[in-house]
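What follows is calculated from the coordinates using simple rules that are stated; it is not laboratory data. Owing to the predicted nature of the structure, the values given are computational and were not obtained by experimental measurement. Every residue, glycine as well, gets a Cβ built from its backbone with ideal geometry; the counts of neighbours run over all protein chains shown.
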Amino acid sequence: MKYLAVILGIFGLETGIKNYIEKNKEEGSEDLRCGNALIIRKHHNRGAFLNAGQERQRVVMIISVLLAALLTVLYVITLGHAGKGLLKWGLTLLLGGAYTNTYDRVVRKFVVDYVSFNVPFRWLRRIIFNIGDFCIMIGALMSVLGYCSAE
């Protein structure tokens, strides 16, 4: 039950932030936050990570739905096994992020990204993320580590 609560929490928080960004930020505007470490900006990502596949939005959306469904099945199977806490928590984060971005792709037809790091490296500063992206990255790492561990 705690895993489901976290997935719902990620989805609710992320959806709320994305709705706020959509209503209150103009495309291209930038606000510095957290001691100027973060840049808040609005970006509509019509593809996958780094806009990959943006010219094939429907394909990206279908792949996103299929991967989320496949991960859900794996997740349900994993929940039935004792141990593997790191894997379960990894899949929880991964699914929370995947559900929010998949929801965007299906409903909005794009993913709302809104945060960048204010770093000296221009290439990194130009990449715009959302919380779902971080959950996917951290969750994927935890899942791999959890799957490979001998819990």
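Taking every lysine pair in segment 1-127 that is 8 or more places apart or spans two chains, those with Cα atoms closer than 22 Å amount to 9. For TYR114, the residues 5 or more places off, or on other chains, whose built amide H falls under 5 Å of its own are PHE129, ASN130. Our coupling estimate for segment 121-128, obtained by passing each phi through the Karplus curve with A = 6.51, B = -1.76, C = 1.60 and θ = phi - 60°, is 7, 4, 4, 6, 5, 7, 6, 10 Hz, Gly and Pro reported as x.
Each peptide in 106-115, 72-81, 29-38 gets a packing score, the mean of other Cβ atoms within 10 Å over its residues, and the list from highest to lowest is 106-115, 72-81, 29-38.
Shown here are the Rg and Dmax of the Cα trace of the chain, at 16.2, 49 Å.
Taking θ as phi - 60° and the Karplus parameters 6.51, -1.76 and 1.60, the scalar couplings of segment 100-106 work out to 5, 6, 5, 4, 4, 4, 6 Hz in sequence order, x denoting glycine and proline. Separation of segment 82-138 from segment 1-36 is 11 Å, based on Cα centroids. For LYS42, nonlocal amide neighbours, meaning residues 5 or more places apart or on other chains whose placed amide H falls under 5 Å from its own, are GLY28, SER29.
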